[in-house]
Amino acid sequence: GLVLVTKNKYSDIILKTMFENKQYTKEYLAIVKGELTKDIVINKPISKSNGMIGVKMSCENPNGKESKTFIYPIEFNSKTNTTLVKAVPITGRQHQIRVHLDSVGYTILGDPIYGIDENIANDYLLKKLSKEDRLKYTGNLRLMLHANNLAFNYKDINYNIFSKKDLN
């Protein structure tokens, strides 16, 4: 993924304020279960889930915080029945990409919280599952979601930072 580090307190304050004011663009790559054939816009509110997983979010409460994510399919893999997608969150909610994709039936490969039974997710988070069971339930041993690009303007310079790592 990407990590942005500042050189001093001054630039730290400015860049944090820019993030708070949504003066940046973030793009992620993800591998989702199933075939996604067209661009989609997921515009669903996000709130805390009422389930047993404390960090889990939900799109079920219409009174949740406004959230919007653009999803662009890149490549379908028929052997694994998965699609590589680009995700561009407009808002910045907790687990936004994960919960939005899951809410429209495209769970991210390797997700230990979304798209699986909550009891299994709880066991996963408590490290009660074997490696084989983690793989069986989530489809991968790590979450296939990767921060790929961060773009912003700072002191009249346009920065467009790409990650060099791929999802394989």
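Each residue of region 53-67 in order: what ³J(HN,Hα) in whole Hz does its phi give by Karplus 6.51 cos²θ - 1.76 cosθ + 1.60, θ = phi - 60°, with x for Gly and Pro?
Each residue of region 53-67 in turn: 8, x, 8, 6, 10, 8, 10, 7, 8, x, 8, x, 6, 4, 8 Hz.
Heavy atoms only, probe 1.4 angstrom, no DNA, RNA or ligands counted: give me Asp111, Asp156, Asp117 ranked by accessible area, highest first.
In descending accessible area the options line up as Asp156, Asp117, Asp111.
Could you give the size of the charge dipole of the chain about its Cα centre, using +1 on the Cβ of each K and R and -1 on the Cβ of each D and E, expressed in debye and rounded to the nearest 20?
Approximately 440 debye in magnitude.
What residue among Leu29, Leu145, Leu129 has the largest mean-square fluctuation in a Gaussian network model of the chain, using Cα springs under 10 Å?
The residue that fluctuates most here is Leu129.
Ignoring any ligand, DNA or RNA, what whole percent of the accessible area of region 10-158 comes from carbon and sulfur when the probe is 1.4 angstrom?
Heavy-atom surface of region 10-158 belonging to carbon and sulfur, 1.4 Å probe: 48 percent.
Counting only helical runs of four or more DSSP H residues, what would the 222 nm mean residue ellipticity of the chain come to if each run contributes -39,500 (n - 2.57) and the total is spread over all its residues?
-6000 deg cm²/dmol, from helical runs alone.
Send over a whole-number figure in Å² for the accessible area per residue of the chain, probe 1.4 Å.
Spelled out: the 1.4 Å probe surface of the chain, per residue, equals 60 Å².
Taking region 1-45, which GluC sites (Glu not before Pro) meet the DSSP loop condition and have no more than 15 other C-beta atoms within 10 Å?
Glu35
What trypsin sites (Lys or Arg not before Pro) in region 72-168 are in a loop by DSSP, with at most 15 other Cβ atoms within 10 Å of the Cβ?
Hits after loop and neighbour filter: Lys79, Lys127, Lys128, Arg142, Lys155, Lys164, Lys165.
I need the shape label for region 48-155. Rule: rounded when a/c is under 1.5, else prolate if a/b > b/c, else oblate, with a, b, c from the alpha carbon gyration tensor.
oblate
Can you give the Kirkwood hydrodynamic radius for region 20-86, in Å, rounded to one decimal and based on Cα pairs?
14.0
Starting from the exponent 0.38 and prefactor 2.2 Å, build the expected Rg for region 89-148 from its residue count and divide its actual Cα Rg by it.
Here the Cα radius of gyration is 1.14 times the empirical estimate.
Treating only the Cβ of Lys, Arg, Asp and Glu as charged (+1, +1, -1, -1), what charge dipole size does region 34-86 show about its Cα centre? Round to the nearest 20 debye.
That gives a dipole near 160 debye.
Under 19 Å Cα to Cα from Lys136, which lysines show up? Leave out anything in the same chain fewer than 8 places away.
Lys33, Lys79, Lys127, Lys128
Which one, Ile14, His100, Pro62, projects farthest toward the positive side of the charge dipole computed for region 1-111 from Cβ point charges (K/R +1, D/E -1)?
Checking the options against the dipole of region 1-111, the answer is Ile14.
The values are calculated or read from the model by the stated rules, or taken from the named source; none is laboratory data. Everything numeric here is computed off the predicted structure, so don't read it as measured data. Glycine gets a Cβ as well: all are built from the backbone with ideal geometry, and neighbour counts include every protein chain shown. We work out accessible area using only protein heavy atoms, side chains counted, and drop any ligands, DNA or RNA first. Shrake-Rupley method; radii C 1.70, N 1.55, O 1.52, S 1.80 Å.
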